[in-house]
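Participant: Structure provided below as structure tokens; questions to follow.
The values are calculated or read from the model by the stated rules, or taken from the named source; none is laboratory data. For clarity, every value in this text was computed on a predicted model and none was experimentally measured. Here the Cβ positions follow ideal geometry from the backbone for every residue, glycine too, while neighbour counts run over all protein chains shown. When the accessible area is computed, the model is the full protein with side chains, heavy atoms only, and any ligands, DNA or RNA have been set aside. Shrake-Rupley method; radii C 1.70, N 1.55, O 1.52, S 1.80 Å.
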Amino acid sequence: MKNLMLAGVSALCLLALPVAAAEIDAAKIADHIKVLSSDAFEGRGPNTPGEVKTVEYITRQFQAVGLKPGGDLKNGVRAWTQDVPLARFDTKGPVKVEVNTGAGVQAWTQGEEIAIRAASTGIDHLTVQNAPIVFVGYGVTAPERNWDDFKGQDLKGKVALVLINDPDFETGQGDFAGKAMTYYGRWTYKFEEAARRGAIGFLVIHETAPASYGWATVKNSNTNTIFDVVRADPSKSHAPLEGWVQRDKVVELFKASGLDFETAKKVAQTRDFTPVTLKATFSTDYAVAVEKIVSKNVVGLLPGTKRPNETVIYSAHWDHLGVGLPDARGDKIYNGAQDNASGTSMLIEIARAFAKAPRTERSVAFLSVTAEEKGLLGSEYYASNPLYPLATTAGVINMDGVSPFGPAKDFTTSGDAPLTLQDDLIALALTHGKTYAPDPRPGAGSFFRSDHFPFAKVGVPAISFGAGRDLVNGGKAAGDKASEDYVTNRYHQPADEYSDSWDLSGASQDGLMLFELGSQLANSSRWPSWKAGSEFKLKRDETTTQRK
Ligand SMILES: [Zn+2]
């Protein structure tokens with residue numbers, strides 16, 4: 001491993017790099033954070049007066065540092081923003097659910113036995129009568145792993161029960177990264193597969209260990225308002241019915257069919273699994289209220305000198321939670337200083353460093369995305385409606401939260417990407433005296449919870465940078481303590497505010513490192529790639545001929 005890393009370092013050093021004079025100014029980062037997280041910006045909720053101020057501020061800064069507008073193309077002229085049409089969905093009135101096992105009809109209560117999401121298909125009323133129920137195991141179609149749970153089973157007009165996480169989570173070893181979660185394990189994947197299969201819908205069977213959270217989380221996040229981007233054809237992304245069901249209820253359905261749930265699950269952990277039709281049918285009836293809003297991504301661009309159609313993207317979400325329930329101090333403004341006024345500020349300062357340096361061969365885009373807190377929607381919208389071709393987007397470097405705790409001896413990425421771009425960053429970091437600290441909880445799926453992910457899903461090499469915890473002053477103990485304090489006392493709370501005690505010198509070092517990573521990529525003709533076996537590689541490979 002050591003030799004490989006050293007080889008990586010020397011390869012990087014051979015590239016001719018116009019990066020010598022670059023600097024990321026900690027004081028400037030602090031100035032932006034103070035403004036963006038001030039009460040005047042009202043927590044930067046999408047589609048609020050706080051959005052107007054935020055978009056205006058970022059646009060002004062992008063313009064001041066010397067970027068060109070990189071957003072929507074209107075009459076041959078680029079705007080500073082990309083319109084992001086969003087829809088919010090709420091179930092209206094009672095959600096009626098009945099399951100008939102032949103031995104009788106049982107009613108399931110929304111929020112208790114079942115948690116049905118307000119459908120994002122645009123259907124305003126869903127009625128299902130006695131649909132067959134089929135158990136589809138983990139619901140995985142993974143050609144690169146020679147795995148297919150469906151075996152040709154037609155799911156049209158049916159409701160499927162699907163296990164959460166991936167087939168080797170329980171055994172800890174197999175073709176799906178063991179305890180670490182591949183995308184096949186994520187609930188969003190299961191629902192996307194439901195749409196691809198043309199099913200009425202999938203119900204995810206909730207089990208605490210493989211989900212990594214309890215029923216309360218499932219209930220709160222699924223019976224609440226659901227946001228989505230407005231899609232040209234929603235049925236391609238969403239089946240009419242999406243929901244979760246308690247494990248106990250599923251065990252009962254298996255029993256009523258003369259089957260044992262745990263035995264069926266064991267079979268589902270093998271390639272030989274075939275779908276099981278239960279002796280039960282599913283009925284439901286509920287209405288959905290839909291409201292449409294438009295938010296904005298802010299986009300600045302520095303066109304490339306030699307290959308302007310090839311792009312390197314830096315991204316950070318500008319939105320936070322807006323105004324909400326008051327905390328113990330009576331504060332209702334969720335300022336989001338660390339999350340993510342800080343990453344937005346870093347984005348502006350990296351843009352400044354690029355604008356000061358000689359233009360790069362490839363174009364560099366600075367993408368300040370909206371609605372991350374509503375489910376990565378600004379980045380999802382960009383990845384579905386790209387302003388610059390995805391096939392020739394060389395890489396995406398995302399930032400969500402910079403460290404206010406001073407310099408660290410390490411850094412991390414969200415979910416340890418199986419990607420050569422991450423290797424490049426690891427090698428580059430060594431020249432800055434920083435080592436890579438892998439994600440301590442790979443099973444929790446943090447790779448799928450940051451704005452780089454919608455890009456990864458469509459094959460674009462993408463990573464989210466994370467500040468290190470092994471602090472120069474105080475080591476790992478101090479770093480762990482500081483970040484636990486943040487998670488407990490400030491994360492997603494009104495107290496996530498700027499403090500004069502912050503030390504952004506570590507953020508400035510990290511920013512310089514990220515600037516160099518993108519600068520090298522933008523001055524090379526390299527195409528970072530997913531490693532063999534990665535679930536995103538096939539998607540990227542579809543467009544290989546478009547990359548020279
Ligand atoms: Zn964030």
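Participant: Evaluate the charge dipole of the stretch 441-485 about its Cα centre and quote only its size in Debye, nearest 20, assuming +1 on the Cβ of each Lys and Arg and -1 on the Cβ of each Asp and Glu.
Facilitator: 160 debye
Participant: Lys/Arg Cβ at +1, Asp/Glu Cβ at -1, dipole of the chain taken about the Cα centre: which of GLY304, TYR57, ASN335 is farthest positive-ward?
Facilitator: Farthest along the dipole direction, towards plus: GLY304.
Participant: Accessible area per residue, 1.4 Å probe, Å², for the stretch 70-197: what's the number?
Facilitator: 40 Å²
Participant: Taking all protein chains together and a probe of 1.4 Å, list PHE411, PHE227 from the most accessible to the least accessible.
Facilitator: Sorted descending by solvent-accessible area, the residues read PHE227, PHE411.
Participant: How far, in degrees from 0 to 90, does helix 187-196 lean away from the longest principal axis of the Cα atoms of the chain, to the nearest 10?
Facilitator: Tilt relative to the chain: about 70 degrees.
Participant: Can I ask one more? Taking amide H positions as placed in the peptide plane 1.01 Å from N, state which residues far from GLY445 in sequence (5 or more) or on other chains have amide H under 5 Å from it.
Facilitator: Close amide H contacts, sequence-distant or interchain: MET181.
Participant: Also: How would you rank 516-526, 166-176, 457-467, highest first, on the average number of other Cβ atoms within 10 Å across their residues?
Facilitator: 457-467, 516-526, 166-176
Participant: Further question: Taking every DSSP beta bridge with both residues inside the chain, roughly what % is antiparallel (nearest 5)?
Facilitator: Rounded to the nearest five, the antiparallel share is 60 percent.
Participant: Please list, in order along the stretch 301-314, the HN-Hα scalar couplings obtained from phi with the Karplus expression 6.51 cos²θ - 1.76 cosθ + 1.60 (θ = phi - 60°), rounded to whole Hz, x for Gly and Pro.
Facilitator: Listing the rounded values in order: 9, 10, x, x, 7, 10, 10, x, 7, 9, 10, 10, 10, 9 Hz.
Participant: Give the shape of the stretch 139-185 as rounded, prolate or oblate, defined through the alpha-carbon gyration tensor: a ≥ b ≥ c are the square roots of its eigenvalues, a/c under 1.5 means rounded, and otherwise the shape is prolate if a/b is larger than b/c and oblate if not.
Facilitator: prolate
Participant: Please report the accessible area of TYR388 (heavy atoms, 1.4 Å probe, ligands and nucleic acids excluded) in Å², nearest 10.
Facilitator: Its accessible surface works out to 20 Å², give or take rounding.
Participant: OK, next. Provide the net charge surrounding LYS53, with neighbours chosen by a C-beta distance below 13 Å and charges set as Lys +1, Arg +1, Asp -1, Glu -1.
Facilitator: -2
Participant: What list of ³J(HN,Hα) couplings, whole Hz, do you get for the stretch 535-547 from phi and the Karplus terms 6.51, -1.76, 1.60, once you set θ to phi - 60° and write x for glycine and proline?
Facilitator: 6, 9, 5, 4, 4, 5, 4, 4, 10, 3, 5, 7, 10
Participant: For the chain, what does the alpha-carbon gyration tensor say about shape, rounded, prolate or oblate, given a ≥ b ≥ c as the root eigenvalues, a/c under 1.5 as rounded, and a/b over b/c as prolate?
Facilitator: Cα axes put the chain in the prolate bin.
Participant: On to the next question. Given the convex hull over the Cα atoms of the stretch 90-290, what projected area results after averaging over all orientations, in nm²?
Facilitator: Mean projected area for the stretch 90-290: 10.5 nm², to one decimal.
Participant: Still on this structure, please answer the following. Which net charge results for the neighbourhood of ASP400, defined as the other residues with beta-carbon distances under 12 angstrom from its beta-carbon, given Lys and Arg at +1 and Asp and Glu at -1?
Facilitator: -4
Participant: Under unit Cβ charges (Lys, Arg +1; Asp, Glu -1), what dipole magnitude, rounded to 20 debye, does the chain have relative to its Cα centre?
Facilitator: Approximately 1300 debye in magnitude.
Participant: Of the heavy-atom accessible surface of the stretch 90-290 (probe 1.4 angstrom), what whole percent is carbon and sulfur?
Facilitator: C and S fraction of accessible area: 50 percent.
Participant: Another question about this same structure. Kindly provide the helix-only [θ] at 222 nm of the chain, computed as the sum of -39,500 (n - 2.57) over DSSP H runs of four or more divided by all residues, to the nearest 500 deg cm²/dmol?
Facilitator: Value at 222 nm, helices only: -8500 deg cm²/dmol.
Participant: Beyond 22 Å, what percent of the Cα pairs of the stretch 25-168 remain?
Facilitator: Within the stretch 25-168, distances greater than 22 Å cover 67 percent of Cα pairs.
Participant: Can I ask one more? Placing unit charges on C-beta atoms (Lys and Arg positive, Asp and Glu negative, everything else neutral), compute the dipole magnitude of the stretch 90-290 about its Cα centre in debye, rounded to 20.
Facilitator: Charge dipole, the stretch 90-290, about its Cα centre: 160 debye, nearest 20.
Participant: Once the Cα atoms of helix 49-65 and of the chain are each reduced to a long axis, what angle between those two axes, in degrees from 0 to 90 to the nearest 10, is obtained?
Facilitator: It works out to around 40 degrees.
Participant: Given a cut-off of under 8 Å on Cα pairs at least six residues apart, what relative contact order in percent is computed for the chain?
Facilitator: Relative contact order, the chain: 21 percent.
Participant: Taking a probe of 1.4 Å, how large is the accessible area per residue of the stretch 265-398, in Å²?
Facilitator: Here the residues of the stretch 265-398 average 32 Å² of exposed surface.
Participant: For SER464, what residues show an amide H to amide H distance below 5 Å, using hydrogens built from the backbone and excluding near sequence neighbours?
Facilitator: Residues meeting the amide H criterion: ASN398, SER414.
Participant: Could the peptides 280-290, 337-347 be put in order, highest first, of the mean number of other beta-carbon atoms found within 10 Å of their residues?
Facilitator: Those peptides, ordered most packed to least, come out 337-347, 280-290.
Participant: Here's something else I'd like to know. Place the peptides 397-410, 475-488, 199-212 in order of packing, highest mean first, counting for every residue the other Cβ atoms within 10 Å and averaging per peptide.
Facilitator: Going by the mean number of other Cβ atoms within 10 Å, highest first, we get 397-410, 199-212, 475-488.
Participant: Which far-off residues, 5 or more places away or on another chain, put their amide H under 5 Å from the one on ASP439, with H placed in the peptide plane?
Facilitator: THR413, GLY415, ASP416
Participant: For the stretch 451-506, would you read off the P(r) tail past 15 Å as a percentage of all alpha carbon pairs?
Facilitator: 65 percent
Participant: What number comes out for the charge environment of GLY198, summing +1 per Lys or Arg and -1 per Asp or Glu over other residues with Cβ under 11 Å away?
Facilitator: Taking every other residue near GLY198 into account, the sum is +3.
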